[in-house]
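Derivation of every value follows stated rules applied to the coordinates shown; laboratory data play no part. As the structure is a prediction and not an experimental result, all values here were calculated from the model. As a convention, Cβ positions derive from the backbone with ideal geometry for all residues, glycine included, and neighbour counts pool all protein chains shown.
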Amino acid sequence: MNKTIIVSNRLPLQIAIEEDKLNVTPSVGGLATGMKSVHADGNGVWVGWSGITDEDLDEDLKPKVNEKIENAKCKAVGLTEADVEDFYLGFSNRTLWPLFHYFLEYTKFETEQWDAYKRVNEKFAEVVLDTIEEGDTVWVHDYQLLLLPQLIKDKRPDVTIGFFLHIPFPSYEIFRTFPWRQELLTGMLGADLIGFHTYDYERHFLSSVKRILRLDVNFNEITYHDRIVKVDSFPMGIDYGKFSNAALVHDNPDTKKSELQKRLDTHLNEGDDQKFILSIDRLDYTKGIPNRLRAFEHFLNTYPQYKEKVRLVMLAVPSRSNVPQYQKLKRETDELVGRINGEFSTVSWTPIWYFYRSLPFENLIDLYTSSDIALITPVRDGMNLVAKEYVATRTKQDGVLILSEMAGAAKEMNEAILINPNSLEDFATALDKALTMPLEEQQSRMKILQKRLKRYDVEKWAEEFFKTLEATNQIQEVAVSK
Ligand code: GDG
């Protein structure tokens, strides 16, 4: 039976070794969350790194770890400490991530790290090539593996390959600054179908292909050697049912309340017009956290009537804390929260509740369902699934989403209040508008958003991608037989 091989940097699980005991938990993050149902449904194998370096994996424990990985329908790619340092923390997160999110000032171009990137992409290729059988389809994910499609195609031209980029593809003017721009583009062109979240990212990619590689581009098809590579946009959805059902269970009076929910309820009941504004992100400079905090301060100064009436509940999930820019961001965030709380707090009110940790899924639902407003304001974001998850949990269709125009999700969520995350004025006006929005308007906006997200959920997204991949294959066969 033909299978789908999903390939991503990390496997959708985290393995911790504590005193010779293995602890396996599902990973947090957009990709893992999104692909979970696709992987569980199909006859698939997921190839990726387990999160444990070769050096940390004891020979005695190895068989046990591999068994756990295989039981989860996964196959591990072994990475050394040097690989993690130079390929992951280095090239992926200090070159490609900032460059593709328009943070040129954070972008480092180091040949040694580029070499590590090539080396690790080859390691992935080896495992994938070992796993492929005739008729299989390979679906490669994200910016850590941009060279992988061509490495597979070189050895197995018969295999159908899809590639999806989860982050923005930057405009040509940004991309052209990248020293190995040709290699990266040709690496991606090993795929038969290349998918992006939005039409803009697709357009930027095609423009780079035309101008850097000087290839023929016909609408969204690229002629590359004797093949046709199709490029399209597939806005990623969420597992809508999972979030809306969890919210329904949460709302049921018979469901036991979590400690967090009890605390939230206590504060919500303190005053009739106490409102919660929620923000959830990985602690990443692309997510616009300092801007949001400064804007919240500006809002409290501009609209002092909201003092003691609103609270910003901010969950920042630790991420890439070995990269210096993330450490700097952590310090800046801590300082801003401290300063704003110091400036405005009263004996009975703390304006910002700040959690720097990852929370279990149930607590995430507590936060989504208890918040009157979601304030999701990245300065750049490929899509942003948190915005979609918030909408899915609003069982009574109340609540307002304030969303940055710079998130890919904004393209499909016009009924949210869209703002420019660099404008303090936009923030303040949007917060005031959200806090005074009549319930009927909240509900009419929410209903449209929910209908759209429900129809185009993550399964539909994967289905559309596969359908297009299949169709691309047929174009290929026609082109070859001509
Ligand atoms: C990348 C792109 C694109 C967050 N905190 C907790 C938690 N989460 C879950 C959320 C959500 C996911 O993590 C975050 O997804 P995002 O899409 O918001 O952001 P990235 O991690 O940056 O993802 C992004 C995505 O890939 C998919 O293509 O949308 O643009 O940057 O699902 O629910 N989950 C739990 N506890 C937490 O504390 N359980």
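The phi-based Karplus calculation (6.51 cos²θ - 1.76 cosθ + 1.60; θ = phi - 60°) puts the 3J(HN,Hα) values of segment 2-10 at 5, 10, 9, 9, 8, 10, 8, 3, 10 Hz, whole numbers, x for Gly and Pro. For the peptides 200-206, 372-378, the ranking by mean Cβ contacts within 10 Å, running from highest to lowest, is 372-378, 200-206. Distance from the Cα centroid of segment 210-284 to that of segment 46-81 is 29 Å (rounded to whole angstrom). Applying both filters, DSSP loop and at most 15 other Cβ atoms within 10 Å, to the trypsin sites (Lys or Arg not before Pro) of segment 116-193 gives R176. The translational diffusion coefficient of segment 342-482, from Stokes-Einstein at 4 °C and 1.567 mPa s with a Kirkwood hydrodynamic radius over alpha carbon pairs, comes to 74 µm²/s. Model label sites at N66 and R294, defined 7 Å from Cα along the beta-carbon direction, differ in position by 5.3 nm. Label separation (N420 vs V249): 4.4 nm, computed from points 7 Å beyond Cα along the C-beta direction.
The H on the amide N of W49, modeled in the peptide plane, is under 5 Å from the matching H of R10, L11, V77, each at least 5 residues off or on a different chain. Within a straight-line Cα-Cα reach of under 18 Å, K262 can be paired with the following lysines, leaving aside sequence neighbours fewer than 8 residues apart in one chain: K275. Dipole size of the chain about its Cα centre, with +1 on Lys/Arg Cβ and -1 on Asp/Glu Cβ: approximately 1060 debye, rounded to the nearest 20. Subtracting the Cα-Cα distance of M1 and D20 from their residue separation scaled by 0.36 nm leaves 3.1 nm.
Output the antiparallel fraction of DSSP beta bridges having both residues in the chain, as a percent to the nearest 5.
Values: 14 of 60 bridges.
Within the chain, antiparallel bridges account for around 25 percent of the total.
Report, to the nearest 10°, how far helix 324-344 tilts away from the longest principal axis of the Cα atoms in the chain, using its own Cα long axis and a range of 0 to 90°. Around 10 degrees separate the two axes.
Given a Förster distance of 45 Å, report the FRET efficiency between T436 and V217 from their Cβ-Cβ distance, rounded to the nearest 0.05. Rounded to the nearest 0.05, the efficiency is 0.40.
How about segment 102-165: which chymotrypsin sites (Phe, Trp or Tyr not before Pro) there are in a DSSP loop, with at most 14 other Cβ atoms within 10 Å of their Cβ?
Details: sites: Y102, F103, Y106, F109, W114, Y117, F124, W139, Y143, F163, F164; in loops: Y102, F103, F109.
Answer by residue number: F109.
Between the amide H of R282 and those of V317, distances stay under 5 Å, these residues lying 5 or more places away or on another chain, with hydrogens modeled in the peptide plane. Calculate how steeply helix 111-131 sits against the longest principal axis of the alpha-carbon atoms of the chain, using the helix alpha-carbon long axis, and give the answer as 0 to 90 degrees to the nearest 10. The answer is roughly 70 degrees. One chain, two ends: Y303 and R263. Fully extended at 0.36 nm per residue, the span grows by 11.7 nm beyond their Cα-Cα distance.
Please work out how much length the chain gains when fully extended from E405 to D200, using 0.36 nm per residue of separation minus the C-alpha to C-alpha distance, in nm with one decimal.
72.5 nm
Report, in cubic angstrom per residue, the convex hull volume of the C-alpha atoms of the chain. Mind dumping the intermediate values first?
Numbers: hull volume 75.7 nm³, N = 482.
In the chain, the Cα hull volume divided by residue count equals 157 Å³.
Here the scattering of segment 160-271 is modelled by Debye summation over its C-alpha atoms, one equal scatterer each and no solvent; at q = 0.16 Å⁻¹ the log10 of I(q)/I(0) is -0.72.
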